[in-house]
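Chemist: Pasting in a structure now, in structure tokens, and then I'll have a few things to ask.
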Amino acid sequence: MKTLALLFLIITSFRSIQGQEYFPFDTYGAFWTIGQFHVFEGYSSWDENYEEYDTIQINGLRYQQLGDFSYLGAYREDSSKKVYFYPYNEYAGGAHFPEANMEYLLYDFSKDEIGDTVFYPHCSYIVTMIDSILIYNSCRPIFFYELLDKSNGNVMVEFWAIEGIGGRAGLLTPYRDEFEWAYWLESYEDYTDGYYNYDGETVYDQLCSNTNVDDNDWIDAIQVYPNPCGNYLNIDASKLLGKCTIKLVDSYGKMMDQHDSVTGIISIDVSQFASGVYSLEIISVKGKQQRIWIKS
């Protein structure tokens, strides 16, 4: 298997990617390494190694069969940039589907403008940001989605997806349950042109709005420590030009705390937070980045 060095960089931030090259999924010999954290059991990781079997006809449509150690189901990708999965059972690949032997939308990359909505059987996600990410020698779009609580507008769940790779928790991200568990994609590898890895850190740690020095520096301008942390989480924004807003969000997407107009170094009391994985959203005039942090 060819393993290629990752150049993981946001090239530009834009509202629409219409006309840009589309990267289809190549799951022949592809595998995703998924990290997981349980509030009681701690951290572990496992490989999702999907292999393509023969094609199959289902309801007059051609699917590519997928399996790891056993048959999981079949997927198809149509000309409108939509990816579908037909699970063999309700818990295929560690995900949870409403029913087996039905087709479900995995990704809809035709929704390529900010504010577009992607509809799933169990919920709807809004496209909140679109950027480009350089993987080896190809610039691929990366989409950010949020599920909002209709009663108060708070973010309940959020995830990202990269064309040809999938979401932050592997190929079947939209159907993974994250109750006591939190999942994140550690690496992706295939036989063609991609090795994606962020060394156990969140994808947001390596995002920037474009390639100029100032915007690259804004990623490094924020320091979060210690991680994992005990009673206090320290955030050093002293190198950031201007003020920023900081949000602490749990694994369910619920906002636990917010600090506005942050400058310098702040220490946040998280002693009342339950042990687990949380995200830290940092918003400034440069854009938005997000870090994963763990409460021990």
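The values are calculated or read from the model by the stated rules, or taken from the named source; none is laboratory data. Just so it is clear, the structure is predicted and the values come from calculations on it, not from any experiment. FYI the Cβ positions are ideal-geometry reconstructions off the backbone, even for glycines, and counts take in every protein chain you see.
Chemist: What residue, of I268, I235, I282, is modelled with pLDDT under 90 and either loosely packed, with under 14 Cβ neighbours inside 10 Å or closer than 30 Å to R176 by Cβ (or both)? Before you say what the answer is, go through the steps one by one.
Modeler: On the way: I268 fails: modelled with pLDDT under 90; I235 fails: modelled with pLDDT under 90.
Exactly one residue qualifies, and that residue is I282.
Chemist: Filter the range 170-181 down to the residues that are modelled with pLDDT of 75 or more and assigned to a strand (DSSP E or B) and list them by number.
Modeler: G170
Chemist: Within the range 186-202, identify whether any single residue is more than 17 Å from D26 (Cβ to Cβ), surrounded by fewer than 23 Cβ atoms within 10 Å (Cβ to Cβ) and modelled with pLDDT of 60 or more, and answer yes or no.
Modeler: For the range 186-202, residues more than 17 Å from D26 (Cβ to Cβ), surrounded by fewer than 23 Cβ atoms within 10 Å (Cβ to Cβ) and modelled with pLDDT of 60 or more: present.
Chemist: Return yes or no: is D260 among the charged types (D, E, K, R) and touching a Ser or Thr at 6+ places or on another chain (Cβ under 7 Å)?
Modeler: For D260, the condition - among the charged types (D, E, K, R) and touching a Ser or Thr at 6+ places or on another chain (Cβ under 7 Å) - is met.
Chemist: Still on this model: Report the residue count in the range 254-273 for those that are outside any strand (DSSP E or B) and either free of Cβ contacts under 8 Å to residues at least 12 places away in the same chain or of a type in the set (G, A, S) (or both).
Modeler: 2
Chemist: I've got another one for you. Taking the range 109-133 on its own, how many of its residues are more than 16 Å from the chain's Cα centre (by Cα), of a type in the set (S, T, Y) and over 17 Å from E158 (Cβ atoms)?
Modeler: Residues flagged as more than 16 Å from the chain's Cα centre (by Cα), of a type in the set (S, T, Y) and over 17 Å from E158 (Cβ atoms) within the range 109-133 amount to 1.
Chemist: Taking into account only those residues within the range 81-94 that are under 21 Å from K111 (Cβ atoms) and hydrophobic (A, V, I, L, M, F, W, C), which is nearest to the chain's Cα centre (by Cα)?
Modeler: For the range 81-94, the residue satisfying everything is V83.
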